[in-house]
Amino acid sequence: MATKSHCLVALRVCFPGWSFFQSDAGAFYGSRSGVRLSDKEVDAGMQQTVSADDLETFVRLLLAQAQLGAEV
C-alpha cells in the first residue's frame, strides 16, 4: 500500500502546476500553484482548488481540470 508521502510525490510529478496536501482525515486537497484563474477560465468550470475524500476521485478531478484547461 502506498504511503501518504508516496501519493503526494506522485501527484506532484503528474500535476506539476499544483500544490498538494492530505488532511489527517485522509482527504486530498490541491491548489493551483502561482496561477490565478481568469474569469473566462472560472466560467468554463476551472477551479483554483479541488478536493476529494479519496485518491481515485481526486485524480479524476485533476484530470478533468487539465482537460478544461486545454479547451479554454
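For the chain, find the longest principal axis of its Cα atoms and tell me its angle to the long axis of helix 4-14, 0 to 90°, nearest 10.
30
Report in % the part of the accessible area of the chain that belongs to carbon and sulfur, leaving out ligands and nucleic acids; probe 1.4 Å. If you can, show how the numbers build up before the last one.
On the way: 2650 of 4770 Å².
The value for the chain is 55 percent carbon and sulfur by accessible area.
Helix 55-71 against the longest principal axis of the chain: what's the angle in degrees, Cα atoms only, rounded to the nearest 10?
20
Decide, for the chain, between rounded, prolate and oblate: order the square roots of the alpha carbon gyration tensor eigenvalues as a ≥ b ≥ c, take rounded if a/c falls under 1.5, and otherwise choose prolate if a/b is larger than b/c, else oblate. List each step's numbers first, then the result.
Numbers: a/c = 2.08, a/b = 2.01, b/c = 1.03.
Note, shape of the chain comes out prolate.
The values are calculated or read from the model by the stated rules, or taken from the named source; none is laboratory data. Predicted, not measured: the structure shown is a model, and the values here were computed from it. Accessible surface is based on the protein model in full, side chains and every heavy atom, while ligands, DNA and RNA are left aside. Shrake-Rupley method; radii C 1.70, N 1.55, O 1.52, S 1.80 Å.
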